[in-house]
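These notes are about the structure you will find just below.
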Amino acid sequence: MYAFLTGPMFYLSLAVFFIGLAVRVILYIRGLDWKLDRVAYRAHPKAGLKGALRSIGYWLVPFGTRSWRVQPFMTVIFFVFHIGAVIVPLFLLAHNMILKEKFGFSFFTLNPTLADVLTWGVLISAILLVLRRIALPEVRILTTGYDYFILAISVAPFVTGLICRYHVGDYSAWLLVHIAAGELLLILAPFTKLSHIVLYFMSRGQLGMDFGIKRGGMNGKPISW
Amino acid sequence: MPEGTLCNKQPIDTDEQLKALLGDKGGKVYYEEMKLLEVDQEKLQDTIRKTMKSRIKTWLKICAHCGMCADSCFLYRINDCDPKQVPAYKVQSTLGEMVRKKGRVDNAFMHMAMETAWAKCTCCNRCAMYCPHGIDMGVMVGYMRGLLYQQGFVPWEMKIGAGMHRVYRAQMDVTPEEFVDTFQWMVEEYEEEYAGLTVPVDKEGADIMYTVNAREVKHYPEDLAEAAILFTIAGEDWTIPSSGWELTSLAMFAGDWEACRMQVESVYDAMERLKPKRMIGTECGHAHRATVIEGPYWAGRPDGKPPVESIHYVEWVAEALRTGKLKIDPEKRIKKPVTLQDSCNYIRNHGLKEITREIMSYMVEPGYFFDMAPNKEHNYCCGGGGGFNGIGLYRPQRNKALITKRDQILGTGADLVIAPCHNCWDAIRDLEEEYEIGISWSFLKPLLIDMVIVPEHMKPEE
């Protein structure tokens with residue numbers, strides 16, 4: 001089982017993840033229609049690029065936009081969740097050892113304490129995101145089972161990762177579950193709302209181009225997000 | 001497929017049809033017939049398939065249901081934070097459902113969608129600024145209005161408005177002759193006060209081609225004279241086109257994209273015919289949006305621009321004051337508390353936030369200008385945008401919506417609200433009528449007329 005999950009399944013899940021998300025990006029861009037979207041994408045590449053980068057950039061910074069500033073609780077749990085969710089899998093020491101072994105290269109690695117803090121951060125903020133969904137009527141009305149499903153598959157690798165980290169129960173069994181959960185996440189990403197891993201950049205970039213090209217970007221001071 | 005005689009899927013293309021619909025006071029028969037109107041589900045699905053591309057598809061799919069858009073919506077806030085007013089919910093429960101059900105929706109659903117599209121959203125696009133994914137729910141509601149219009153589920157006044165553009169190339173039944181006559185008559189009214197006042201019609205190669213809102217011709221003709229006076233004082237080389245003079249587009253509010261194209265092409269034709277250096281439109285927000293921002297796309301112009309440089313009236317005013325073409329008598333600057341209404345259509349959606357404040361710096365005595373909170377691109381809709389002002393069926397909802405602006409104005413302590421936008425101006429007038437908070441409201445033109453220095457050669461002979 002271990003050999004299968006760290007062998008063929010490992011490569012398969014990475015392939016599905018990267019190829020799948022690349023296809024999502026290509027389909028998104030091919031589906032843009034200057035006439036229907038009413039944005040002259042091609043005619044004003046410079047203004048479009050500037051608008052797109054501003055739109056993406058400001059939103060990647062905690063409290064970088066008015067929306068983030070007026071909802072500080074959400075902003076904190078949102079960023080704690082996302083920062084941990086992106087950084088830990090990429091830069092965890094154990095993961096980089098696998099990377100080195102499989103592909104012959106690795107990234108810099110996280111200080112183990114920081115890795116712990118970030119992982120617990122993901123867990124705690126996920127719980128708070130769930131509570132927020134239940135507590136706030138304006139979020140409750142939008143929430144479907146699918147939203148919880150997405151959150152569950154996103155958090156599963158972190159929960160199982162912590163179980164392995166603290167050697168709770170049968171280590172080798174939990175390690176298998178952890179690897180499987182991670183691979184499931186990779187495989188599902190292109191086909192679910194998790195595709196926002198790339199489509200966030202597309203959607204934000206598109207709206208940035210819209211404002212940058214058509215809605216005032218070439219007309220005085222750019223929009224303050 | 002049952003269709004009513006008044007309420008049906010056919011656009012209004014003749015004056016007779018217009019008169020028949022106008023004859024149905026308040027749309028009584030029209031709305032009765034709508035209750036029996038069948039949904040052409042196949043056509044709905046087919047239209048969605050052909051016109052809903054990756055942008056809107058992605059928006060609908062990746063919405064994280066986080067609810068961060070809720071507080072951005074003034075209609076959500078003013079309706080006691082009703083969860084059904086959350087922008088994402090409004091879109092998911094209407095357009096989202098149409099898509100998920102592949103167009104298989106019924107009459108009751110379409111009634112609900114119509115109310116959502118015209119009474120629960122003014123397409124102010126404020127929510128787009130608060131969604132982390134950059135989902136513009138105003139754009140999606142605008143898109144849905146097109147689907148609803150195609151199916152005949154459109155408020156009575158909107159159907160009439162779109163029909164007016166189709167028949168008259170104006171939002172009201174004003175013919176080119178009536179337009180020119182009214183303009184000339186109004187100018188004559190003032191020519192004794194302002195020597196040399198004229199209105200050049202169809203002059204080729206002028207610096208400025210001026211376009212208006214048909215309401216000015218029909219209900220506020222002084223506005224036309226004021227425009228003429230200010231252009232003349234500023235020494236501008238200007239003209240009006242005898243056709244293609246209508247800047248507005250109720251067709252845009254209605255979601256009648258074909259009528260939008262017809263309307264805006266009439267203005268572009270005038271530009272091509274008269275070859276002015278610039279087009280300047282009157283103090284109207286949605287009209288600027290329709291003709292300058294969205295119009296080029298309806299007309300299929302790949303650069304997204306009208307045939308000649310086109311600017312909003314506030315841009316001209318700022319320029320004229322900056323360059324000294326118009327000079328304000330410092331004694332006559334406004335010396336009472338003043339605030340400014342930021343029109344969604346050219347502030348949030350066309351970046352003119354600094355221009356209008358520059359104008360305030362010239363017109364208002366320092367210390368008397370008080371900005372609303374929030375303001376600029378984050379300002380709230382006046383409460384009557386996107387057609388909301390004009391729909392009798394949704395008047396109670398509209399009146400409630402005005403409370404947001406009322407409280408924003410009260411928060412500034414201003415006596416005077418400057419509203420360089422017809423829709424905002426109307427909404428503020430209505431909120432004063434409804435809630436009597438003791439404010440006055442004005443376009444820029446009458447205020448400027450009272451404070452600009454009239455050159456000697458224009459002063460009447462004693």
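The values are calculated or read from the model by the stated rules, or taken from the named source; none is laboratory data. Values in this document were obtained by computation on a predicted structure and should not be read as measured data. Counting neighbours? That spans all protein chains shown, and the Cβs are built from the backbone with ideal geometry, glycine included.
Residues checked against (1) within 21 Å of the chain's Cα centre (by Cα); (2) surrounded by fewer than 19 Cβ atoms within 10 Å (Cβ to Cβ); (3) within 24 Å of B:Tyr130 (Cβ to Cβ):
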site: B:Tyr380; (1), (2), (3): yes, no, yes
site: B:Arg395; (1), (2), (3): yes, yes, no
site: B:Arg398; (1), (2), (3): yes, no, yes
site: B:Leu402; (1), (2), (3): yes, no, yes
site: B:Pro420; (1), (2), (3): yes, no, no
site: B:Ala427; (1), (2), (3): yes, no, yes
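With respect to the stated conditions, B:His312 is outside the structural domain of B:Leu410 (by TED's automatic domain parsing), modelled with pLDDT of 95 or more and closer than 24 Å to B:Met129 by Cα. When B:Gly411, B:Gly390 are checked against the criterion of being touching a residue at least 60 places away in the same chain (Cβ under 8 Å) and of a type outside the set (D, E, K, R), a single residue qualifies: B:Gly390.
With respect to the stated conditions, B:Ala113 is away from chain A (no Cβ under 14 Å) and in a helix (DSSP H, G or I). If the condition is being without any contact (Cβ under 8 Å) to a residue 40 or more places away in the chain, within 7 Å of chain A (Cβ to nearest Cβ) and buried (at least 21 other Cβ atoms within 10 Å of the Cβ), then segment B:66-91 contributes B:Gly67, B:Ala70, B:Val86, B:Tyr89. List pairs: first in segment B:32-59 and touching a residue at least 40 places away in the same chain (Cβ under 8 Å) and closer than 12 Å to B:Arg104 by Cβ, second not in a loop (DSSP other than H, G, I, E, B) and not polar (S, T, N, Q), Cβ under 8 Å, 6+ apart or cross-chain? As it stands, the answer is B:Val39/B:Phe109; B:Val39/B:Met110; B:Leu44/B:Met98; B:Leu44/B:Leu147; B:Ile48/B:Met98; B:Ile48/B:Val99; B:Ile48/B:Leu147, since those pairs meet every condition given. Scanning segment B:112-137 for residues that are more than 15 Å from A:Leu207 (Cβ to Cβ), in contact (Cβ under 8 Å) with a residue 60 or more places away in the chain and over 18 Å from the mean Cα position of the chain (by Cα) yields one hit, B:Glu115. Within segment A:124-174, the residues that satisfy the criterion of being farther than 25 Å from B:Lys90 by Cβ, without any contact (Cβ under 8 Å) to a residue 24 or more places away in the chain and of a type in the set (Val, Ile, Thr) are A:Ile127, A:Thr160, A:Ile163, A:Val168. Looking at segment B:175-182, can you tell me whether even one residue there is within 24 Å of the chain's Cα centre (by Cα), under 24 Å from B:Ala318 (Cβ atoms), hydrophobic (A, V, I, L, M, F, W, C) and surrounded by 19 or more Cβ atoms within 10 Å (Cβ to Cβ)? Looking for residues that are within 24 Å of the chain's Cα centre (by Cα), under 24 Å from B:Ala318 (Cβ atoms), hydrophobic (A, V, I, L, M, F, W, C) and surrounded by 19 or more Cβ atoms within 10 Å (Cβ to Cβ), one finds none in segment B:175-182, hence no. A count restricted to segment B:357-384 and to residues that are of a type outside the set (Asp, Glu) and assigned to a loop (DSSP other than H, G, I, E, B) stands at 14. Please enumerate the residues belonging to segment B:322-346 that are out of contact with any strand residue (DSSP E or B) (no Cβ under 8 Å at 6 or more places or on another chain) and touching a residue at least 60 places away in the same chain (Cβ under 8 Å). Within segment B:322-346, B:Lys325, B:Lys332, B:Ser343, B:Cys344, B:Asn345 meet the criteria.
When residues in segment B:395-423 are screened for being assigned to a helix (DSSP H, G or I) and over 23 Å from B:Asp71 (Cβ atoms), 4 of them pass. Name the residues in segment A:22-46 that are in contact with a helix residue (DSSP H, G or I) (Cβ under 6 Å, 6 or more places away or on another chain) and more than 10 Å from chain B (Cβ to nearest Cβ), would you? Hit for segment A:22-46 is A:Val25, nothing else. When segment A:88-129 is filtered for residues that are charged (D, E, K, R) and exposed (fewer than 15 other Cβ atoms within 10 Å of the Cβ), the ones remaining, listed by number, are A:Lys100, A:Glu101, A:Lys102. In segment B:45-68, the qualifying residues are those that are outside any helix (DSSP H, G or I) and over 30 Å from the mean Cα position of the chain (by Cα), and the one that is nearest to A:Leu129 (Cα to Cα) is B:Cys66. Contact map, segment B:224-251: first residue part of a helix (DSSP H, G or I), second residue surrounded by fewer than 24 Cβ atoms within 10 Å (Cβ to Cβ) and among the polar types (S, T, N, Q), Cβ cut-off under 9 Å, separation 6 or more or different chains; pairs are B:Leu224/B:Thr182; B:Ala228/B:Thr198; B:Thr232/B:Thr198.
For segment B:51-61, the criterion of being under 30 Å from A:Gly205 (Cβ atoms) and touching a Lys or Arg at 6+ places or on another chain (Cβ under 8 Å) is met by at least one residue. Set side by side, the residues B:Cys131, B:Cys123 differ, and just one is buried (at least 24 other Cβ atoms within 10 Å of the Cβ), at positive phi and not in a helix (DSSP H, G or I), which is B:Cys123. Where helices (runs of 4 or more DSSP H) fall entirely within segment A:130-225, those with at least 1 residues that are surrounded by 23 or more Cβ atoms within 10 Å (Cβ to Cβ), at the interface with chain B (Cβ under 7 Å from one of its Cβ atoms) and among the acidic types (Asp, Glu) are at A:137-140. For segment B:73-97, a residue qualifies if it is touching a Ser or Thr at 6+ places or on another chain (Cβ under 7 Å) and either polar (S, T, N, Q) or assigned to a loop (DSSP other than H, G, I, E, B) (or both), and exactly one does: B:Thr94. Inside segment A:65-108, can you point out the residues that are under 26 Å from A:Val159 (Cβ atoms), within 14 Å of chain B (Cβ to nearest Cβ) and among the small types (Gly, Ala, Ser)? Of everything in segment A:65-108, just one residue is under 26 Å from A:Val159 (Cβ atoms), within 14 Å of chain B (Cβ to nearest Cβ) and among the small types (Gly, Ala, Ser), namely A:Ala85. Pairs are defined by a Cβ separation below 8 Å, a sequence spacing of at least 6 or placement on different chains, a first member in segment B:443-458 that is at pLDDT 95 or above and aromatic (Phe, Trp, Tyr), and a second member that is part of a helix (DSSP H, G or I) and surrounded by fewer than 17 Cβ atoms within 10 Å (Cβ to Cβ); no pair meets this definition. Restricted to segment B:23-44, and to residues there that are surrounded by fewer than 16 Cβ atoms within 10 Å (Cβ to Cβ) and assigned to a helix (DSSP H, G or I), the residue that is nearest to the other protein chains (Cβ to nearest Cβ) is B:Lys43.
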